[in-house]
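Right, one structure below, let's go through it.
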Amino acid sequence: MSSVAHTLTVELGRRSYPIQIGHGLLNERDLIGRHVPARDVLIVSNTTVAPLYLEALESALRPRHTVATLLPDGESYKTLDTVARILDVLVANRFGRDCVVVALGGGVVGDMAGFAASVYQRGVLFVQVPTTLLAQVDSAVGGKTGVNHPGGKNLIGAFHQPLVVLADTATLATLPPRELRAGLAEVVKYGLIRDAAFFDWLESHADALLAGEREALAYVILRSCQIKAEIVGRDELEHGERALLNFGHTFGHAIESATGYGRWLHGEAVAAGMVMAARMSRESGWIDAASLARITTLIERMGLPTRLADVSAQTMLQGMRMDKKVLEGQIRLVLLRAIGDAFVTADYEAQHLERTLQAHLC
Ligand code: NAD
Ligand code: GLY
């Protein structure tokens, strides 16, 4: 029997692709083989994930010619230099345009492998095998690839959609608790921007999720991917609605670049950023105090940070000005009209932003 529990589709016309979610997918030879239409395969992973899952993936890909490249682990290595290493391996092995790049790991590996695939010989096929909760609910879906720059998070990159996303939920068993919590931040994001009932569900299942309960995790992966797939299907290149997926990220990316990539996990920075965006929504008169309290409480219950030390409001604002949503010099923010209802605006009072930042910096 197949271990695929759910298949969703990201609808992008001829470039549509499936997201397959299930427990034990990595051990399904037929499944992986069916999705990798190439003789030459480069598996990109890292030094933490490879010892756990590389053998299973290589075995599922037989009899293809596979080469594996293992990147150093960490957000601080999400750079052009590391992508150049991936490209060097492709060239050294004389891989042609008909090769497939497979990303095995979290969002850092997926973003860099995808970026390398997008530029190698002007673009080769690419498969996502996400192994963190964050990557299974967010980064592996939607085709954003790229690297950080000292001047700003994810400033260099390309849209390059995968052929398939294979999310094996069994891999979450080895994920450190801090990484699981970071992934939950992006899950909460979907409830906040689009689905108030899902937010309610998260409030009542937070303990099950934190305990790593299989059914609860499978449900949040499914619901998150449904929401993301719908939004990406309507606005692949982020001309409008897709920006909502950046709820909390304008603040969060500024935290990551101000603190040096890697000190805060991406999901932790997003968590604090979402509480800041919620407070900004309250300051601007959109949401009520009770909604702000519910959001803050859920983030805290999930063991995620809501405050930031040793960074000034000035530094935060500087980082926020490098956000990709900035238009004509104006920082555009994703705010909430209500839990489950987000919108993008540049129409807010500077003093409200200042007050929001002051409330979360200590
Ligand atoms: P990550 O890739 O750094 O992985 C977190 C840690 O878990 C790493 O140490 C990794 O080696 C380890 N790990 C991965 N899978 C494991 C497993 N199954 N068992 C044990 N350890 C495992 O971090 P992440 O949270 O997955 O991704 C964060 C990155 O994703 C950021 O760079 C962020 O910018 C990016 N991102 C991209 C998008 C997008 O749309 N492309 C969306 C959200 C986030
Ligand atoms: N994680 C934001 C996006 O994919 O658009």
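The values are calculated or read from the model by the stated rules, or taken from the named source; none is laboratory data. All values reported here derive from a predicted model rather than from experimental measurement. Heavy atoms of the whole protein, side chains included, go into the accessibility calculation; ligands, DNA and RNA do not. Shrake-Rupley method; radii C 1.70, N 1.55, O 1.52, S 1.80 Å.
Odds and ends about this structure:
- Anisotropy class of segment 268-362 from Cα gyration tensor, a/c 1.5 cut: oblate
- Kirkwood hydrodynamic radius (C-alpha pairs) into Stokes-Einstein, segment 209-319, 25 °C and 0.890 mPa s, D in µm²/s: 158 µm²/s
- Approximate shape of segment 1-160 as ellipsoid semi-axes (Cα gyration tensor, √5λ), whole Å, largest first: 22, 18, 16
- Mean residue ellipticity, 222 nm, helices only, the chain: the sum of -39500 (n - 2.57) across DSSP H runs of n ≥ 4, divided by residue count and rounded to 500, is -14000 deg cm²/dmol.
- List Asp341, Asp40, ordered by accessible area with a 1.4 Å probe, largest first: Asp341, Asp40
- Within straight-line cross-link reach of Lys325, aspartates and glutamates at Cα separation under 14 Å, skipping those fewer than 8 residues along the same chain: Glu238, Glu241, Asp347
- For the chain, with all protein chains in place and a probe radius of 1.4 Å, 50% of the accessible heavy-atom surface sits on carbon or sulfur.
- Projected area, mean over directions - segment 301-354, Cα convex hull, nm²: 5.2 nm²
- With Cα atoms defining each centre, segment 10-71 and segment 79-146 are spaced 12 Å apart in the structure.
- Here the Gaussian network model covers the chain, with springs between Cα atoms less than 10 Å apart; of Val270, Val187, Val119, Val119 fluctuates the most.
- Amide hydrogen neighbours beyond the local backbone of Gly212, cut-off 5 Å, H modeled: none
- Most to least accessible of His352, His149 (protein chains only, probe 1.4 Å): His149, His352
- Stretch gain in nm, segment Gln358-Glu215, where the contour uses 0.36 nm per residue and the Cα spacing is subtracted: 47.5 nm
- Rounded, prolate or oblate (a/c below 1.5 giving rounded, otherwise prolate when a/b exceeds b/c) for segment 33-123 by Cα gyration tensor: oblate
- In the full protein context, the chain carries 40 Å² of accessible surface per residue, based on a 1.4 Å probe and ignoring ligands, DNA and RNA.
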